[in-house]
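Below is one structure, written out as structure tokens; comments come after it.
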Amino acid sequence: MESNAQKPPRSGRDYIARHGETVFNAAGRLQGDHPHTPLTRAGFAQADEMGRALRAQLGAKPALTLWASPTGRALQTLAIIAEHLELDWHAAKTDPRLAEIGTGSWGGRYYAELAEHGVTVVDRANGLLFAAEDGETYPEIVARVSGWLSDTDEDSGDRLVIMHGISSRVLRGVMTGAADLAGYGAPAAPGLPQGSVVLIERGVESVVHRGTGHAPA
């Protein structure tokens, strides 16, 4: 079975957002699945921009199920967006399968430090992170996000999902039936800056708001 094999698209719409800039991003550090790297002021501003964009499209108190990675940066982003939409942040659901790629021993280290040791972290051609030797592989990301999709397939109506740069690209790739990228064994949708929101409806993606944060990884 191919990694991006999927069920027929569900009937509801999915708004998938990438969290705002964090202190690790600003410092040039790998955060991966680190549980809490707080947003910077720029990150809060990006979350505000996403909230305004979604409010313009959906109005106040939309019928929207809220989902997020359990990391602090995703939840901080969600709290701000929920305020714009006049929704109860406490009603949000979290799932560890929505977290960022696990970076193993690279986690928390500076990109520049790794480069000094001859370690290539970023695939510039695709805007993706290479998998660390002791980190998570892309097929493993496919497996976990696909598991989340399968387990929540019965969600009714629209939903908003706050995620991360790499894991959201894989999820979006799975949801849109994208082809596997050579050398990765996994699909990945095009990279977008932090603070971006896309809409996926019946397998078709459109950009709702293009953020102003780091891009793409």
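The values are calculated or read from the model by the stated rules, or taken from the named source; none is laboratory data. What you see is a predicted model, and the numbers here were worked out from it, not measured in a lab. A quick note on method: Cβ atoms are made from the backbone with ideal geometry, for glycine too, and the neighbour counts reach across all protein chains shown. For the accessible areas, the whole protein counts, side chains as well, though only heavy atoms, and no ligand, DNA or RNA atoms are used. Shrake-Rupley method; radii C 1.70, N 1.55, O 1.52, S 1.80 Å.
Whenever a residue of the range 105-120 is closer than 15 Å to A217 by Cβ and among the aromatic types (F, W, Y), its partners that are open to solvent by 60 Å² or more (accessible area, probe 1.4 Å) and not in a loop (DSSP other than H, G, I, E, B), lying with C-beta atoms within less than 6 angstrom and at least six residues away or across chains, give the pairs Y110/R29.
Only one of the numbered conditions (1) modelled with pLDDT of 95 or more; (2) surrounded by fewer than 21 Cβ atoms within 10 Å (Cβ to Cβ) is violated by K7, and that is (1).
Taking the criterion of being β-branched (V, I, T) and open to solvent by 30 Å² or more (accessible area, probe 1.4 Å), the residues of the range 162-204 that qualify are T176, V204. The single condition from (1) closer than 26 Å to N25 by Cβ; (2) assigned to a loop (DSSP other than H, G, I, E, B) that P62 fails is (1). Scanning the range 143-154 for residues that are surrounded by 16 or more Cβ atoms within 10 Å (Cβ to Cβ) and either among the charged types (D, E, K, R) or part of a loop (DSSP other than H, G, I, E, B) (or both) yields R144, T152. Applying a threshold of 7 Å to beta carbon distances and a minimum spacing of six or more residues, or different chains, the list of pairs starting in the range 142-171 at a residue that is farther than 24 Å from L58 by Cα and ending at one that is acidic (D, E) reads W148/D95; I166/E100; S167/E100. Within the option set E83, E140, E100, being modelled with pLDDT of 95 or more, surrounded by 20 or more Cβ atoms within 10 Å (Cβ to Cβ) and either acidic (D, E) or in a helix (DSSP H, G or I) (or both) holds for one residue only, E100. One residue stands out in the range 57-78 among those that are farther than 15 Å from D14 by Cα and either among the charged types (D, E, K, R) or more than 16 Å from the chain's Cα centre (by Cα) (or both): the one that is most open to solvent (accessible area, probe 1.4 Å), namely K61.
Identify the residue in the range 116-137 that is farther than 16 Å from N25 by Cα and either among the aliphatic types (A, V, I, L, M) or part of a helix (DSSP H, G or I) (or both) and, among all such residues, is farthest from the chain's Cα centre (by Cα). Ranking the candidates gives E116 first.
The single condition among (1) in a loop (DSSP other than H, G, I, E, B); (2) of a type in the set (V, I, T); (3) open to solvent by 40 Å² or more (accessible area, probe 1.4 Å) that V207 does not satisfy is (1). The residue list G108, G127, G157 contains one member that is open to solvent by less than 20 Å² (accessible area, probe 1.4 Å), at pLDDT below 95 and touching a strand residue (DSSP E or B) at 6+ places or on another chain (Cβ under 7 Å), which is G108. Residue-level check: of (1) under 15 Å from Y15 (Cβ atoms); (2) assigned to a loop (DSSP other than H, G, I, E, B); (3) not hydroxyl-bearing (S, T, Y), L199 misses just (2).
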